[in-house]
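The values are calculated or read from the model by the stated rules, or taken from the named source; none is laboratory data. Not measured: the values here are computed from a predicted model. All Cβ positions, glycine included, derive from the backbone under ideal geometry; neighbour counts span all protein chains shown.
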Amino acid sequence: MATKDNAGKSAVANGRGKWNVPTGRRTDEWSEALVLVGESQDRAAFTRFFRHFAPLIKAFALSGSSLSATHADELVQEVMLKVWQKAGGFNPEKAAASTWVYTIARNCRTDMFRRLQKFDTALASDDFELESEEEESFVVLHTRRGAERVRELLGDLPPDQAQILGKVYMEGKSHSEAAAELDLPLGTVKSRVRLAIQKLQGLMEA
Amino acid sequence: MVEHHPPTDFLTEYVAGVLPVAQSACVAGHLSYCQRCRQLTDKLEDIGGAHFEQLDPQAVGESILDNVLARLDDPEPLRYARNEASDARLPGLLDRLINGDYADLAWKRVTQSLSISYLKTGDPHHEFALYRIADGGRIPEHTHGGSEMTLVLQGGFADESGEYHPGDFLIREGWDKHSPVALEGEECICLAVLDAPLRFTRLRHRWLNPLLKLRAG
């Protein structure tokens with residue numbers, strides 16, 4: 001592994017040009033809106049973005065039915081404010097807008113769960129993000145990342161594998177919680193997750 | 001080169017945000033060393049993004065949008081800045097928890113070659129601690145009643161199943177016995193996350209076991 005110092009320097013040296021690699025520029029509407037928000041604090045673009053994503057964030061908050069409607073609305077506000085604040089760091093070459101919003105929503109929901117459980121921790125989920133100097137500085141991502149590509153692939157998973165991924169990702173259940181809920185041995189849940197990921201990973205690289 | 005990684009099902013739980021905070025912090029530490037796992041977690045996030053896009057949208061009131069628009073100019077909350085004086089080799093999150101040099105931590109000496117420093121994560125079920133093993137020193141043979149997650153931060157160690165270097169990540173479950181020995185040449189520092197206390201198995205070390213009761217929080 002390169003030392004952090006070196007990684008930091010190369011990231012600076014490469015500057016913004018580092019993403020100008022032919023990995024298939026993402027031109028979808030939501031990535032463009034997000035770039036406008038990041039670059040010029042465009043409120044109209046933000047409003048469009050809100051109208052599309054806020055109902056998804058609310059659905060995410062309510063899946064697994066562990067948050068009330070009031071908390072779900074609170075989560076929508078928190079996430080959308082973060083979207084506004086962090087949009088400058090969004091890189092359309094690196095992630096789809098939906099994936100980017102998903103990670104913010106996930107972090108905010110985890111923190112909200114912890115707050116509601118009066119969980120005493122100094123760590124917020126954002127602290128778990130790698131510092132930019134720790135991220136890839138000039139490594140070209142060989143696989144075109146894309147939630148839209150994965151979405152097509154998800155339909156091909158056997159239903160029992162898809163069901164568990166949904167519980168873990170959207171409902172926020174751990175593997176042992178999913179196992180208890182579905183009345184399955186933990187080992188079965190884990191192996192279904194592994195098989196599903198293996199399959200998706202293979203297809204994403206294909 | 002990092003050679004020991006968290007299992008994929010475990011990384012999936014990490015990405016989905018369902019791991020307990022202490023375990024999450026340990027995985028995040030590994031990621032800062034490991035490009036392979038960073039690339040895998042990027043893909044796992046795309047899988048999350050794909051699920052997210054397919055959710056059934058739930059109506060959000062217009063007043064919520066108005067509230068958000070009214071708050072766009074609020075000052076952003078301050079973010080943590082790296083401690084200048086700290087050991088620059090540490091991943092940012094661990095740097096924050098350690099908050100200074102290893103030498104400044106409160107170390108509790110357990111045996112001649114092993115000291116432990118407990119860090120606070122707020123996780124009510126997991127102990128989050130640094131183990132410091134003297135150059136070439138051995139941790140007496142022990143077992144666990146639960147899971148033990150280890151991330152090597154400095155130096156290295158070897159046990160019955162292999163040799164581990166900075167960035168390597170290990171999980172042991174249940175009652176496996178092992179007796180790690182620090183590699184020669186440098187003091188070894190590891191992060192260990194436990195959900196049940198360490199139990200020394202040899203008669204001459206067992207009297208130490210009460211000292212090792214789980215310190216979660």
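Go through the stretch B:147-167 residue by residue and tally those that are surrounded by fewer than 17 Cβ atoms within 10 Å (Cβ to Cβ) and within 14 Å of chain A (Cβ to nearest Cβ).
Residues meeting the conditions: 1.
I'm checking my understanding of the structure. Among residues of the stretch B:1-16 that are at the interface with chain A (Cβ under 7 Å from one of its Cβ atoms) and crowded, with 23+ Cβ neighbours inside 10 Å, which one is nearest to A:Ser176 (Cα to Cα)?
Once the filter is applied, the top-ranked residue is B:Glu13.
Among the residues of the stretch B:201-211, are any under 21 Å from B:Ser117 (Cβ atoms) and surrounded by 17 or more Cβ atoms within 10 Å (Cβ to Cβ)? Can you show your working first?
Of all residues in the stretch B:201-211, those under 21 Å from B:Ser117 (Cβ atoms) come to B:205, B:208-211.
If we keep only those that are surrounded by 17 or more Cβ atoms within 10 Å (Cβ to Cβ) as well, we get none.
Checking the stretch B:201-211: not a single residue is under 21 Å from B:Ser117 (Cβ atoms) and surrounded by 17 or more Cβ atoms within 10 Å (Cβ to Cβ).
Considering only residues that are of a type in the set (A, V, I, L, M, F, W, C) and outside any strand (DSSP E or B), look in the stretch B:112-146 and name the one that is nearest to the other protein chains (Cβ to nearest Cβ). Give the derivation first.
Filtering the stretch B:112-146 down to residues of a type in the set (A, V, I, L, M, F, W, C) leaves B:114, B:116, B:119, B:128-130, B:133-134, B:139.
When the remaining residues are screened for being outside any strand (DSSP E or B), the result is B:119, B:134, B:139.
Working: B:Leu119: 10, B:Ala134: 25, B:Ile139: 26 Å.
Step by step, filter the stretch B:112-146, then rank; the result is B:Leu119.
Are there any pairs, at least 6 apart or on different chains, whose C-beta atoms fall under 7 Å, with the first in the stretch A:185-202 and without any contact (Cβ under 8 Å) to a residue 24 or more places away in the chain and aliphatic (A, V, I, L, M) and the second loosely packed, with under 14 Cβ neighbours inside 10 Å and assigned to a helix (DSSP H, G or I), and if so, which?
A:Leu186/A:Ser176
Exactly one of (1) within 21 Å of B:Lys108 (Cα to Cα); (2) part of a loop (DSSP other than H, G, I, E, B) is unmet by B:Trp175. Its number?
Here B:Trp175 meets the rest and fails (1).
What pairs come up if the first residue lies in the stretch B:155-167 and is farther than 11 Å from B:Ile133 by Cβ, the second is assigned to a loop (DSSP other than H, G, I, E, B), and their beta carbons are under 6 Å apart, counting only those six or more places apart or on different chains?
B:Asp159/B:Pro180; B:Tyr164/B:Gly156; B:His165/B:Gly156; B:Gly167/B:Val2; B:Gly167/B:Cys34
For the structure I just gave you, tell me whether A:Lys94 is modelled with pLDDT of 80 or more, at the interface with chain B (Cβ under 10 Å from one of its Cβ atoms) and farther than 17 Å from B:Thr41 by Cβ.
no
Give the residue that is farthest from A:Phe60 (Cα to Cα), with candidates limited to residues of the stretch A:173-196 that are surrounded by fewer than 21 Cβ atoms within 10 Å (Cβ to Cβ) and within 11 Å of another protein chain (Cβ to nearest Cβ).
Filtering first and then ranking leaves A:Gly187.
Could you please find all residues in the stretch B:35-51 being over 16 Å from A:Ser125 (Cβ atoms) and at the interface with chain A (Cβ under 8 Å from one of its Cβ atoms)?
Within the stretch B:35-51, B:Gln35, B:Arg38, B:Gln39, B:Leu40, B:Asp42, B:Lys43, B:Asp46, B:Ile47, B:Gly49, B:Ala50, B:His51 qualify.
Report every pair of residues separated by at least 6 positions or lying on different chains whose Cβ atoms are under 6 Å apart, first residue within the stretch A:82-99 and outside the structural domain of A:Val150 (by TED's automatic domain parsing) and surrounded by 22 or more Cβ atoms within 10 Å (Cβ to Cβ), second assigned to a helix (DSSP H, G or I) and of a type in the set (A, V, I, L, M).
A:Ala87/A:Leu34; A:Ala87/A:Val37; A:Ala96/A:Ala147; A:Ala97/A:Leu34; A:Ser98/A:Ala147; A:Thr99/A:Ala147
Check the stretch A:59-81 and report whether any residue there is farther than 19 Å from A:Glu129 by Cα, in contact (Cβ under 8 Å) with a residue 40 or more places away in the chain, facing chain B (nearest Cβ under 9 Å) and part of a helix (DSSP H, G or I). Step through it out loud before you land on a result.
Quick first cut of the stretch A:59-81, residues farther than 19 Å from A:Glu129 by Cα only: A:59-77.
Next, only the ones that are in contact (Cβ under 8 Å) with a residue 40 or more places away in the chain stay: A:60-61, A:63-64, A:66-67, A:71.
Next, from what is left, pick out any that are facing chain B (nearest Cβ under 9 Å): A:60-61, A:63.
Applying the additional criterion that residues be part of a helix (DSSP H, G or I) yields A:60-61.
For the stretch A:59-81, residues farther than 19 Å from A:Glu129 by Cα, in contact (Cβ under 8 Å) with a residue 40 or more places away in the chain, facing chain B (nearest Cβ under 9 Å) and part of a helix (DSSP H, G or I): present.
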